[in-house]
Amino acid sequence: MDDIDNSDPSGSHPPRHATVAGVFDGPPVPAPGVCADFRPGTPDLSLFPRAAWAAAQRTVLAGLPHGALGYPDPRGLPVLRAALAALLARRRGVVADPDRLVVCSGVAQATTLLGTVLRARGHRAVGVEDPGSPEHGRLFAATGLDTAWLPIDAEGLRPGPLAAADVRAVVVTPAHQFPSGIAWSAERRGMLLDWARAVDGHVLEDDYDGDFRYDRAPVGALQGLDPERVVYTGSVSKSLAPGLRLGWMVLPEALVDEVVERKRTMDLGHPALDQAALAHLVTSGGYDRQLRRCQRAYRERRDALLAALARHFPGASVTGIAAGLHVIACLPARYGPPARFVERAAGAGVVLRPLEEYGTARPADGAVRLVIGYAHLAPSVIAEGMGRAAEALGGR
Ligand SMILES: Cc1ncc(COP(=O)(O)O)c(C=O)c1O
């Protein structure tokens with residue numbers, strides 16, 4: 001039984017997909033005629049623990065001293081930093097000192113904060129994974145930094161191009177690479193940290209969906225291997241809701257003061273009441289319950305997607321299935337080319353994104369590689385969507 005009360009305290013029922021596309025790509029409000037929008041990036045917003053969040057807000061409002069309503073510490077409320085440090089150490093193996101943890105508006109603001117610090121320190125460019133999240137590049141660009149695409153293979157960043165790149169900072173997603181879904185090998189993790197030490201550089205570890213693991217032991221955070229080189233960042237965007245704009249970064253000692261000063265000048269600190277409510281949710285055990293609940297729902301949806309792909313697209317291989325909220329499906333060339341596949345599926349009301357939109361590689365094998373988000377879709381919608389896409393392709 002689910003132990004989180006998900007009832008709507010207002011008594012009204014929110015629309016199932018009441019979201020707008022944010023900084024990061026996510027399904028927009030469904031267009032008329034769209035049966036299934038498989039774009040990655042959004043959790044199931046109907047799983048947001050409304051009652052538990054409302055209870056946390058009531059509790060903290062009743063107990064907060066007046067002084068706590070003044071400008072907050074720009075690093076974040078001490079009670080939240082302590083709660084998050086313990087949570088990240090326990091769940092992700094992060095070496096987390098609350099004094100080196102900064103509460104911020106999601107991975108997006110963490111990226112911008114680090115970008116402004118790196119720019120001020122003389123960096124001109126940052127390495128990004130290829131394929132990777134287009135938003136990493138856009139956010140760094142907003143701070144005046146160019147980006148260098150660095151190719152990924154089945155183990156992580158390839159050493160040669162990294163060594164040749166004229167950068168001293170990279171952003172990576174080692175636990176469940178976005179979008180390929182691979183988990184970086186131990187060797188490549190070691191290689192990246194050796195590189196960072198050799199160039200006196202930094203690694204931004206975006207642990208965007210690190211909480212969701214299905215068939216394998218959790219991959220611990222890279223940051224745990226070298227807290228002085230890795231800036232760790234994550235948020236509640238996948239576990240609670242992106243609309244909360246609540247996230248964190250855990251910093252090397254050498255960067256703390258500069259990042260905190262930028263956070264202060266950017267917005268004079270993060271909203272105190274939301275911070276206090278999250279601290280209550282974490283320390284009361286409600287956050288862990290929410291993660292378990294989402295994990296169960298997302299595993300079921302992942303299984304529904306794998307079954308639908310096997311049924312409707314024989315010969316498809318699927319990777320990145322052990323974790324996260326999306327997979328990569330590779331369909332034989334007879335389904336291609338990718339642009340035609342995506343266009344036909346869209347004509348049948350099924351929104352899909354080809355992997356080639358996330359990077360520079362254009363493999364010549366003609367296969368159709370798709371990045372398929374499933375967490376926000378009910379199993380029945382997943383099955384219908386894949387069935388319709390297959391029909392639109394004429395049963396090939
Ligand atoms: C690669 C990646 N990083 C981070 C995020 C989340 O960003 P934020 O924490 O700012 O909501 C997303 C959201 O879709 C993402 O795809």
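Observations on the model:
- Cβ-Cβ distance of residue 334 and residue 51, R₀ of 41 Å, FRET efficiency by 1/(1 + (r/R0)^6): the value works out to about 0.25.
- Here region 249-345 has an Rg and Dmax of 21.8, 56 Å, counting Cα atoms alone.
- Protein heavy-atom accessible surface, 1.4 Å probe, per residue over the chain: 40 Å².
- Radius 14 Å from Cβ of residue 253, net charge of other residues (Lys, Arg +1; Asp, Glu -1): -3
- Nearest-0.05 FRET efficiency for residue 120 and residue 317, computed from C-beta distance (R0 56 Å): 0.80
- Mean residue ellipticity (222 nm) of the chain, computed from DSSP H runs ≥ 4 via -39,500 (n - 2.57), nearest 500: -12000 deg cm²/dmol
- Figure note: 284, 239, 105 ranked by solvent-accessible area, largest first, 1.4 Å probe, ligands and nucleic acids not counted: 284, 105, 239.
- GNM remark for the chain: springs join alpha carbons under 10 Å apart, and the peak mean-square fluctuation among 337, 40, 151 falls on 337.
- These residues, 303, 211, go from largest to smallest accessible area, 1.4 Å probe, as 303, 211.
- Sequence of 191, 386, 266 from largest to smallest accessible area, 1.4 Å probe: 266, 191, 386
- Share of Cα-Cα pairs in the chain lying beyond 31 Å, as whole percent: 38 percent
- Within-11-Å neighbourhood charge of residue 183 [Cβ basis; K, R +1; D, E -1]: +3
- Within the accessible area of region 52-286, the carbon and sulfur atoms contribute 56%, probe 1.4 Å, all protein chains present.
- GNM flexibility winner over the chain from 385, 190, 269 (Cα, springs under 10 Å): 190
- What separates the Cα centres of region 350-396 and region 116-133 is a distance of 31 Å.
- The dipole here belongs to region 179-285: it is taken about the Cα centre, uses +1 on the Cβ of Lys and Arg and -1 on the Cβ of Asp and Glu, and is about 260 debye.
- Surface accessible to a 1.4 Å probe, residue 321 within the full protein complex, Å²: 50 Å²
- For region 119-217, trypsin sites (Lys or Arg not before Pro) are listed when DSSP marks them as loop and at most 14 other Cβ atoms sit within 10 Å of their Cβ; the list is 121, 124, 216.
- The GNM of the chain, with springs linking C-alpha atoms under 10 angstrom apart, assigns the highest mean-square fluctuation among 41, 286, 67 to 67.
- Considering region 52-286 at the alpha-carbon level, its Rg and Dmax are found to be 17.5, 57 Å.
- Considering only 175, 115, 251, and ranking their Cα positions along the charge dipole of the chain that arises from unit charges at the beta-carbon of Lys, Arg, Asp and Glu, the one farthest toward the positive end is 175.
The values are calculated or read from the model by the stated rules, or taken from the named source; none is laboratory data. Since the model is a prediction, treat every value here as computed from it, not as a measurement. Note that each Cβ is placed from the backbone with ideal geometry, even for glycine, and that neighbours are counted across all protein chains shown. Ligands, DNA and RNA are stripped out before the accessible areas are found, and what is left, the full protein with its side chains, is counted by its heavy atoms. Shrake-Rupley method; radii C 1.70, N 1.55, O 1.52, S 1.80 Å.
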